[in-house]
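Okay, so here's the structure we're looking at.
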Amino acid sequence: MSVRVKCPHCKGKAIITNSNDLAKDIKDVFYKELYVQCIDKEGCGARAVFGLDFKHYINPPQPDVVSMARKILEQQEQLNINGV
Ligand SMILES: [Zn+2]
């Protein structure tokens, strides 16, 4: 993942100097703190912390789609075998 940030104070160029993965031990949760420093030539030199979290998928991961399709097919085969 590539992220660009601007200084929240002067909107100048800023870089991420460090990050802290707060949810690394929690399944299906993604939350990071990004430590940011303003490095703009005419900037303010501020340092700040941003939060980066996962909201939702636009397309589900491919293995999920395949396994969902496989489950539906298996259920239909079961119904056919049982004569329903
Ligand atoms: Zn700044």
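No lab work stands behind these numbers, since they all come straight from the coordinates. Just so we're clear, the structure is a prediction, and the values are computed from it rather than from any experiment. In this analysis, Cβ positions are derived from the backbone assuming ideal geometry, glycine residues included, and neighbour counts consider all displayed protein chains.
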If you look for lysine pairs in the chain that are eight or more places apart or on different chains, how many of them have Cα atoms under 29 Å apart?
-> 18
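Can you list which of the trypsin sites (Lys or Arg not before Pro) found in segment 11-63 are DSSP loop residues with at most 11 other C-beta atoms within 10 Å?
Details: sites: LYS11, LYS13, LYS24, LYS27, LYS32, LYS41, ARG47, LYS55; in loops: LYS11, LYS24, LYS27, LYS41, LYS55.
The qualifying sites are LYS24, LYS27, LYS41, LYS55.
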Which whole-number percentage describes the relative contact order of segment 5-81, with Cα contacts under 8 Å and a sequence gap of 6 or more?
-> 23
Listed residues GLU74, GLU42, GLU33, most fluctuating in the chain (Gaussian network, C-alpha, under 10 Å) = GLU74
Expected sort for CYS44, CYS38, CYS10 with the fewest Cβ neighbours (10 Å cutoff) up front is CYS44, CYS10, CYS38
The chain: spread of alpha-carbon positions along the three principal axes, whole Å, largest first, is 75, 23, 14
